1. So how far, in whole Å, is the C-alpha centre of the stretch 120-192 from the one of the stretch 221-273?
2. Hey, which lysines would be in cross-link range of K297, C-alpha to C-alpha under 21 Å, not counting anything within fewer than 8 residues on its own chain?
3. For the ranges 25-32, 269-276, 38-45, what's the packing order if you count other beta-carbon atoms within 10 Å of each residue, average per peptide, and put the highest first?
4. Which length gain, in nm to one decimal place, applies between L88 and N38 when the Cα-Cα distance is subtracted from 0.36 nm times their residue separation?
5. From the residues H137, Q7, Q314, which one has its Cα farthest along the dipole of the chain in the positive direction, the dipole being from +1 and -1 charges on Cβ of Lys/Arg and Asp/Glu about the Cα centre?
6. With an 8 Å cut-off on Cα pairs and a minimum separation of 6 or more residues, tell me the relative contact order of the stretch 110-330 in percent.
Amino acid sequence: MKQLETQYKKMLMDYITYQSEKNLYIAQNFTRQLIQKNVAPEDVVGIHKNVMKEILPQTSNEEQHAYDFLIEVMVQYGMTHRAHQSLLQKQAEYDMEMKIAADIQKTLLKTIVPQLANVDIGMVSIPIRKMNGDYVHFLAEDKKYVCVAVTDVIGKGVPAALCMSMVKYGLETLEYTYKEPPYVLEIINRVIEKSVDDSMFVSMFYGYFDIQKSTFSYASAGHEPALHYSAKNNQFSTLEAKGLLLGVLPDTKYAFNEVTIEENDIIIIMTDGVTEFRFHDDFNARDLITTIIEKNKFLSAQQLCTLLYEQIEQMQDFKLSDDFTVVIIKK
């Protein structure tokens, strides 16, 4: 510390004598030494106080007391500043980890929308944070069938991403039982219940569209009900199937329903991020969705998904309150 005082004394005396930009530049470079030697702010004030005593011995007691007061202030400032810097460093490390995790999630949970001859499929899935709490899984064979699972994890961040990976693994192993929505949910439920923390729950809507028979069978595990637009009747109906969230009880059974799909009919499957938002007190989000679909039913499935997202996002002042996922299937 004595060596630092000697250097500081020379710099201060040179500045008092010449008051040049060069003197200030030298002083600025001196701060690098202080940082490298981990000198606290209050110690810097102490160095200045000691040097002032040497070069200006006539300094009054009041000025000395003022320096003592400043030292006390800088002690608290230094502690707070160091704590703040530590938090910033931890936040930067966390942000980097989240970015890496988000990139891994995008790779592991990449969803490819099937391109089929007789069925038009569209999808939009937008996370409000880096990690997406929603997941969509497709299984399809042209002219025969298309299966879709729309999943929403109650929870965010890395644990939710890991949970999604398990859901995807479970769905991919059900190669020969994908036609039975209740059985699919029962298997995934056992996977989630055994392997995921008790605070983590998953909702899922699973549908099987038999293209040859023109039927859509579906089951739900506590998920947002889907919608069916009948082109023939020009009306919407709710595809509701009661079922407990995945991961609650190991032996939960799920019911299923079936609906006939005719030419130009539309199936809309979504997460609650699409429907659970407020515009005004008497506003009904599902009425808005059906109005948009009915007015724009001539658009492709992907165009409808994009239009829904853009209009709902605009109504929320471009600040979504939850992950937004919608899948649309048109015959």
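Quick note: the coordinates plus some simple rules give every number you see, no bench work behind them. This structure is a prediction, so every number in the text was calculated from the model and none was measured. A quick note on method: Cβ atoms are made from the backbone with ideal geometry, for glycine too, and the neighbour counts reach across all protein chains shown.
1. Taking the Cα centre of each part, the stretch 120-192 and the stretch 221-273 sit 15 Å apart.
2. K232, K330, K331
3. With the highest mean Cβ count within 10 Å placed first, the list reads 269-276, 38-45, 25-32.
4. Computed gain between L88 and N38 is 16.2 nm.
5. Q7
6. Here the relative contact order equals 25 percent.
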